[in-house]
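As structure tokens, the structure follows; a few thoughts come after it.
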Amino acid sequence: MELAIRNLSCGYGKRRVVDSISLSINAGEVIGLLGANGCGKTTLIKTILGLLPFLGGEVLLEGKNIQYWTSAQIARVVGYIPQMHTPPFPFQVLDVVLMGRTAHIKPFASPSLKDVKIAEQALEMLDITYLRDRIYTEISGGERQLVLIARALTQEPKILIMDEPTASLDFGNQIKVLSHVKQLAGLNIAVLMSCHFPEHAFLYTNRVVLLNEGRILHSGTPDETITPERLKKLYGVDVDIITVKNRMNQELQVCVPSRSLAAEDKYYQSMERRNQYALA
């Protein structure tokens, strides 16, 4: 399934946050959406999900405009994983995952044995069956994110949209979550994932879209798209992109500050002395 965004503008009321952007996502692809805070990533995601009205343009699923689809219609095709989620009640993990079947269950009906089986298969796919009967509010942040992915998978979506799925996770849980995201593409699911770390895009995405002040600065493969100049444009900092080799002798791209912390300290110390002289 293809998701096509054509000249889409979105925002709040009459205020445009994202202005006339176009991109497409194909089955089996992981697309990384990079940009600074406030650039419009979450606004774009909410609009695709039907949570915000269109201010212009269209979103097409297999050529069909979803602007007037109901939330249930969208949920049967598009799964959503937020940054972080804490439910108001201490549900069991299996119950949280079963909530993904809501779009497929008639009003006032209970989940069937088939629905439970689909939920259990999602837990098994992500290697978290051991969490089945645990209380969702009592598990770790990384485990919660995997549970949310399992919940989205029970929707049997063709497209997964993730809004900074590794936000607030430690290093190990970031790798675990993103590794599973990469595997989902192998199931012929299209993934659109917003993130803050260029390294994540290098490691886990097929294409990258750089969003700057509501417009696409550049899009393409990570190697051709993520450059020091464009990162400077996005984040306002000088960085270098260097190539390193891991223990398997694979080459990886990483970003490092262009100026060392020691150099920064010397700069601020010199500025402080200059200010002291000026006040003397």
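If the segment from Ile241 to Val254 were pulled out straight at 0.36 nm per residue, it would be longer than the present Cα-Cα gap by 4.1 nm. Note on the chain: GNM, Cα springs under 10 Å; of Gly50, Gly142, Gly236, the largest mean-square fluctuation is that of Gly236.
Write out the chymotrypsin sites (Phe, Trp or Tyr not before Pro) in segment 104-182 meeting two conditions: DSSP loop, and at most 15 other Cβ atoms within 10 Å of their Cβ. Walk me through the numbers before you get to the answer.
Numbers: sites: Phe108, Tyr130, Tyr136, Phe171; in loops: Phe108.
Sites meeting the loop and neighbour criteria: Phe108.
For segment 1-95, which trypsin sites (Lys or Arg not before Pro) are in a loop by DSSP, counting at most 11 other Cβ atoms within 10 Å? The qualifying sites are Lys14. Rounded if a/c is under 1.5, else prolate if a/b beats b/c, else oblate: with a ≥ b ≥ c from the C-alpha gyration tensor eigenvalues square-rooted, which is segment 77-194? Oblate.
Cut-off is 10 Å between beta-carbons; in what order do Thr42, Thr243, Thr227 appear when sorted fewest neighbours first?
On the way: Thr42 19, Thr243 8, Thr227 15.
Fewest-to-most ranking of Thr42, Thr243, Thr227: Thr243, Thr227, Thr42.
If contacts are Cα pairs under 8 angstrom and at least 6 residues apart, what is the relative contact order of segment 90-208 in percent?
Numbers: 131 pairs, mean separation 31.9, N = 119.
Over segment 90-208, the number comes to 27 percent.
Across segment 3-221, C-alpha contacts under 8 Å between residues 6 or more apart give a mean separation that, scaled by the residue count, equals a relative contact order of 31 percent. Of all lysines in the structure, the ones whose alpha carbon falls short of 26 Å from that of Lys64, not counting any fewer than 8 places away in one chain, are Lys14, Lys41, Lys46, Lys106, Lys158. Count Lys and Arg as plus one, Asp and Glu as minus one, and take only other residues whose Cβ is under 15 Å from that of Lys158; the net charge is then -2. Helical runs assigned H by DSSP (4 residues or longer) give the chain a calculated mean residue ellipticity at 222 nm of -10500 deg cm²/dmol, each run adding -39500 (n - 2.57) before division by the residue total. Reducing segment 222-245 and segment 120-191 to their Cα centroids gives an inter-centroid distance of 28 Å.
Recomputing Cα Rg over 2.2 N^0.38 Å from the coordinates shown identifies the correct label among [x] 1.04; [y] 1.14; [z] 0.95 as [y].
For the chain, set up a GNM with springs between Cα atoms under 10 Å and report which of Val208, Val254, Val30 has the largest fluctuation. In the Gaussian network model the winner is Val254.
Highest mobility in the GNM of the chain, judged by mean-square fluctuation with C-alpha springs under 10 Å and restricted to Ile139, Ile48, Ile149, is found for Ile139. Taking Cα centre as origin and charging only the Cβ of basic (Lys, Arg, +1) and acidic (Asp, Glu, -1) residues, the dipole magnitude of segment 184-245 rounds to 140 debye.
Sorting Thr225, Thr137, Thr86 by the number of Cβ atoms found within 10 Å of their own Cβ, with the fewest placed first, yields Thr86, Thr137, Thr225.
The eigenvalues of the Cα gyration tensor, multiplied by 5 and square-rooted, give segment 33-122 an equivalent ellipsoid with semi-axes of 28, 19, 11 Å from largest to smallest. Farthest toward the positive end of the dipole of segment 80-212, out of Phe202, Pro87, Leu187, is the Cα of Leu187, where the dipole comes from beta carbon charges about the Cα centre. Net charge dipole, the chain: roughly 580 debye, given to the nearest 20, about the Cα centre with Cβ charges of +1 for Lys and Arg and -1 for Asp and Glu.
Just so you know, all these numbers are worked out from the coordinates, no wet-lab data involved. Here the structure is a predicted model, which means the values were calculated and not measured. Cβ sites come from the backbone with ideal geometry, for glycine too, and all protein chains shown count toward neighbours.
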